1. Among LEU77, THR89, GLN65, which residue has its Cα furthest toward the positive end of the charge dipole of the stretch 45-105, with +1 on Lys/Arg Cβ and -1 on Asp/Glu Cβ?
2. At a Förster radius of 41 Å, what calculated FRET efficiency corresponds to the Cβ-Cβ distance of GLU19 and SER142, to the nearest 0.05?
3. Report, by chain and number, residues whose modeled amide H sits under 5 Å from the one on VAL134, excluding near sequence neighbours (fewer than 5 apart, same chain).
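Any read-out appearing in this document is the output of simple, stated calculations on the displayed coordinates, not a laboratory observation. None of the values given here were measured: they were computed from a predicted structure. With ideal geometry, Cβ positions are generated from the backbone for all residues, glycine too; neighbour counts draw on all protein chains shown.
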Amino acid sequence: VQRQPLLCDECQAGLPGTERPCPRCGLPLPETGYLCGACLRQPPAWDRLRVIADYQAPYLQLIQQLKYAGKLECASLLGRLFCDTWRATDATQTDSQPEILLPVPLHWWRQWRRGYNQAEELARAIGHGLGIPVDSQALRRSRATPPQARLHKRQRQKNLQNAFVIPPLPYRHVALIDDVVTTGATAEQLTRGLRQAGVDVVEVWAICRTLRHTSRD
């Protein structure tokens, strides 16, 4: 029996995107080539953030199906869409390609209960599409933190203190892979740890981010 695609060609052609994003945080800007005011005042720890779009339909539903319903085929679709966006914006910048993809880790207990890490599934799909290897063992979550979804930025930052273990790494340019960037607290903590581990350039790659600078963005 032939399986139906998750999104038809017409739906894929009409998918929302982020035009002229700030290269550091992903916030839409009037013109390309500039940083937004928030990043000029207080730039994030990472060097660049790349996403497809705001956290909205149909990405929201696809990510939730991947994350909570075990539909791993959503990772393949979302990974392919990310690769299409990357090629459209970075086709002439192959020299800036990260040498490795590092999925944001889950605590072993949460991954055991879920059966997989959605960030790792996305990393595999993106790595396959762009020809970049994936290292799923480099980052480890040392303690199970409460869910982040209902926490504001300061609570998330406190929640993640000492939550990750990162040994010295041989990489110089990496991309962290996650499904959604909200406050950026997870990426900030991991980026600081990666700098201490010897990494020079850290990019954050995600399918979506919430694109408003608020206390919960």
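1. GLN65
2. With a Förster radius of 41 Å, E is 0.55.
3. LEU101
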